[in-house]
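Quick notes on the structure that follows.
The values are calculated or read from the model by the stated rules, or taken from the named source; none is laboratory data. Small disclaimer: the values here were computed from a predicted structure and weren't measured. Note: ideal-geometry Cβ built from the backbone for every residue, glycine included; neighbour counts use all protein chains shown. SASA here: full protein model, heavy atoms, side chains in, ligands and nucleic acids out. Shrake-Rupley method; radii C 1.70, N 1.55, O 1.52, S 1.80 Å.
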Amino acid sequence: MNNYAFSIDLGGTSTNFSVFKSDEIISEWTLPTPKNHMTEMLEAEIKNKLSELNLKNTDFKAIVIGIAGIVKNGIVHKAINLNLSDCDIGSVLESRVNIKVIVLNDVNLQAIGESLNYSSLFLVAIGTGIGAGLVINNHLVEGHNGKAGEIEFLCLDSKTIGEIASARGLVKTAESYLKSNDVYSSLRNFKSLTAKDIFNDAKAGDEVALKIINDVYFKLGKLLGIISSAFDPEVIIISGGVSNAGDFLLEIIKKGFNEVAFTDTEIRISEMKEKASVFGAMKILRISQNNWSN
């Protein structure tokens with residue numbers, strides 16, 4: 001019986017692979033995401049893992065792929081960081097490895113994983129960019145064009161939330177502030193500033209870092225308050241690399257949220273972290289169980 005499956009989180013920088021059987025993770029590994037020949041890389045890794053585990057393609061129920069891009073009905077319409085456009089990567093890979101392939105937006109897949117504990121949620125992944133996934137009454141909401149949850153492109157003042165609150169946007173916001181304001185800040189000591197540096201210095205009491213963090217994530221909190229009022233999720237979950245700032249980040253977001261929110265929605269940091277994609281793949285296959293031939 002084909003009880004095994006692959007979960008693949010295909011990001012702009014790295015690709016996370018997992019093999020699982022039912023609810024048990026058998027193997028996990030990570031590789032840099034290539035700029036070209038992506039399907040060939042996926043094919044090689046899958047075949048190598050089959051050989052390593054002494055398994056056949058017929059032992060596998062499916063390959064579930066989460067891709068950082070706009071996905072509708074399995075077609076990757078646009079994935080800027082992956083240089084993919086109008087690409088049916090699932091069908092191509094399926095024809096090469098002879099295992100059924102399911103392709104979703106990466107944050108939507110994570111949202112499905114997080115919904116193991118909640119029936120309605122809004123997941124915000126703050127990393128290099130910002131993505132989001134919406135689950136209402138145990139149903140993933142993708143939207144007509146597969147763009148539901150693309151809050152990165154929503155404007156606050158004159159800039160989008162992605163331009164100020166993603167890891168990349170936060171760094172640009174800080175650099176711009178330092179150039180236009182002649183103030184002391186420990187942030188000036190970094191030759192190549194990162195979002196982690198800004199958070200660390202803010203926690204250490206640097207006034208400029210604190211101001212930037214407070215301004216940026218207060219605004220994100222207000223945006224989430226508006227979204228919560230519109231969709232009334234049970235919980236808003238913050239994930240992605242920036243979420244490692246933990247309660248420090250969460251308290252600032254909550255202040256902005258509480259200023260505008262109509263609903264009393266819980267906001268929390270993801271406990272699943274990078275495992276959310278794997279749990280999402282597991283849930284998809286459980287829900288689809290009756291549609292698979294063994």
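So, with a 1.4 angstrom probe, what is the percent of accessible area on the chain that is carbon and sulfur? Roughly 48 percent, rounded to a whole number.
Could you work out how much longer the chain between N189 and K47 gets when fully extended? Use 0.36 nm per residue separation minus the Cα distance between them, nm to one decimal. Kindly include the intermediate steps, with their values, before the conclusion.
Values: separation 142, 0.36 × 142 = 51.12 nm, distance 4.69 nm.
Length gained between N189 and K47: 46.4 nm.
Taking label points 7 Å from Cα along the Cα-to-Cβ direction, S119 and N3 give a separation of 3.1 nm.
Note down the net charge around V19, summing +1 for each Lys or Arg and -1 for each Asp or Glu among other residues with Cβ under 12 Å from its Cβ.
Numbers: positive: K21, K49, K61; negative: E24, E28, E45, E52, D59.
Result for the neighbourhood of V19: -2.
By the combined test of axial Cα extent (at least 24 Å) and Kyte-Doolittle hydropathy (mean at least -0.5), the qualifying DSSP H helices of the chain come to 207-231. Plainly put, the chain has a radius of gyration that is 1.00 times its Kirkwood radius, both from alpha-carbon atoms, as the Rg/Rh ratio.
Comparing H139, H77, H37 in a Gaussian network model of the chain where C-alpha atoms under 10 Å apart are linked, the largest mean-square fluctuation is found at H37. If you average the alpha carbon positions of segment 34-79 and of segment 123-181, how far apart do those two centres end up, in angstrom? Cα centres, segment 34-79 to segment 123-181: 27 Å. When the chain is treated as a GNM with alpha-carbon contacts under 10 Å, the residue of L140, L31, L250 showing the greatest mean-square fluctuation is L31. Normalised per residue, the accessible area of the chain is 48 Å², obtained with a 1.4 Å probe and no contribution from ligands, DNA or RNA. Neighbours of V135, meaning other residues whose beta-carbon lies under 14 angstrom from its beta-carbon, give a summed charge of -3 when Lys and Arg score +1 and Asp and Glu score -1.
Scaled to the compact-protein estimate 2.2 N^0.38 Å, what is the alpha-carbon radius of gyration of segment 102-183, rounded to two decimal places?
On the way: Rg = 15.6 Å, N = 82, 2.2 N^0.38 = 11.7 Å.
The reported ratio for this selection is 1.33.
A 1.4 Å probe over all protein chains sorts Y184, Y4 by accessible area into Y184, Y4, starting with the largest.
Among the trypsin sites (Lys or Arg not before Pro) within segment 25-128, those in coil by DSSP and having at most 15 neighbouring Cβ atoms inside 10 Å are K35, K56. Model label points for K179 and E251, set 7 angstrom from Cα along the Cα-to-Cβ axis, are 3.3 nm apart. Starting from the Cα gyration tensor of segment 240-283, take the square roots of the eigenvalues, sort them a ≥ b ≥ c, and report rounded, prolate or oblate (rounded when a/c is under 1.5, otherwise prolate if a/b is larger than b/c, else oblate). Since a/c reaches 1.5 but b/c is at least a/b, the shape of segment 240-283 is classed as oblate.
In the complete set of protein chains, residue-level accessible area for F231 is approximately 100 Å², probe 1.4 angstrom.
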